[in-house]
Amino acid sequence: MPAPQPLPEGFLFDLDGTLVDSVYQHVLAWHQALGEEDIHLAVWRIHRRIGMSGGLFTSILARETGIEPEPARLARILRRHHEIYVEHIDEVDPLPGAHDLLEALTAARVPWAIATSGRIETARPSLELLGVPLDRMVIVTRDQVRHAKPDPDLFLAAAERLGLPMHHATIVGDSVWDMLAAQRARGLGIGVLSGGYGEGELERAGAYRVFADPADILAHLDEIGGRR
C-alpha cells in the first residue's frame, strides 16, 4: 500500500502593510476623504483601524465622532478614499522581500494566497505592484465575502480555494485584526511590524511569531514550515 501523502502546508497573506508598504497612504486617504465630508478623526485613530472591515470601521466612526453617515454620504467617502489612494499609488512600493518571498514559496510548490479587507478596485493597484497575476493566483477581496476582518471569512475563503485545511494554514498579517481573524479561522498567525503595530500588540492578538517584514520572514522560512 502506498504511503499516505502529507497534507499541504500553505500561507495566507494580508496585503496592505504585509506585502506592500501602503498603510500610511491608506490612512491619509481616509483622513482626506472624511475631512471633505466635514468628519474629523485624528490620523492615529484611523491608523489603528486599517485592516478591519468597512462596516466595523463605520461603527467605530459613529462611536468616536458621534456622526453616523447615511448610505449616500458613506458611499462618497468610500469612493473618495479609493480615488485619493490611487492618486498616490506612485508613492507605494512592495515591502522588502515581498517579491522574493512569494517567488520562493512558488518555487518550493508551497501554496499561497492573498486575502485583503480592501475591495478589488482599491486592491488592484497594489496587486499590480507585486506583479501578482490576478487571473492565475488565489486573491480574495472584501467584495467576495460576507464579513471582513476581524471575522475569519477572508482567510477561510482563501484556504478553501487553495484546497488547504485551516489547521495547515499560516496566516501572515500586520495588524491585530489579521491576528484575531487568524485565531477565529483556527490558523497559525504570524505578525509583521511593517504596518505599524508593535510586537507585543501582535502577540497579544495571537501571533506566535513576529518578523520585521517579508524579507525577515524569507530569511527564517525554514523555521515556519515554508518548504515542501
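Only the coordinates and a few stated rules stand behind these numbers; no lab work does. Predicted model, so just to flag it, every value in this text is computed and none were measured. No Cβ is skipped: glycine too gets one built from the backbone with ideal geometry, and neighbour counts run over all protein chains shown.
Compared with the dominant principal axis of the Cα atoms in the chain, helix 120-130 is inclined by about 50°.
Across all directions, the shadow cast by the convex hull of region 39-169 built on its C-alpha atoms averages 9.3 square nanometres.
For the chain, the alpha carbon convex hull comes to 120 Å³ per residue, rounded to a whole number. Taking the longest Cα principal axis of the chain as reference, the axis of helix 23-36 is set at about 20 degrees. Against the main long axis of the alpha-carbon atoms of the chain, helix 71-87 sits at an angle near 60°.
Remark: region 23-91 carries a charge dipole of roughly 300 debye about the Cα centre, counting +1 on each Lys and Arg Cβ and -1 on each Asp and Glu Cβ. Its relative contact order, with pairs defined as Cα atoms under 8 Å and 6+ residues apart, puts the chain at 27 percent.
The magnitude of the dipole of the chain, with charges of +1 and -1 set on the Cβ of Lys/Arg and Asp/Glu and taken from the Cα centre, is near 800 debye.
Using the Cβ-Cβ distance between ARG79 and ALA108 with R0 = 35 Å, the FRET efficiency computed as 1/(1 + (r/R0)^6) comes to roughly 0.30. Every Cα-Cα pair in region 23-91 was counted, and those over 19 Å apart are 22% of them.
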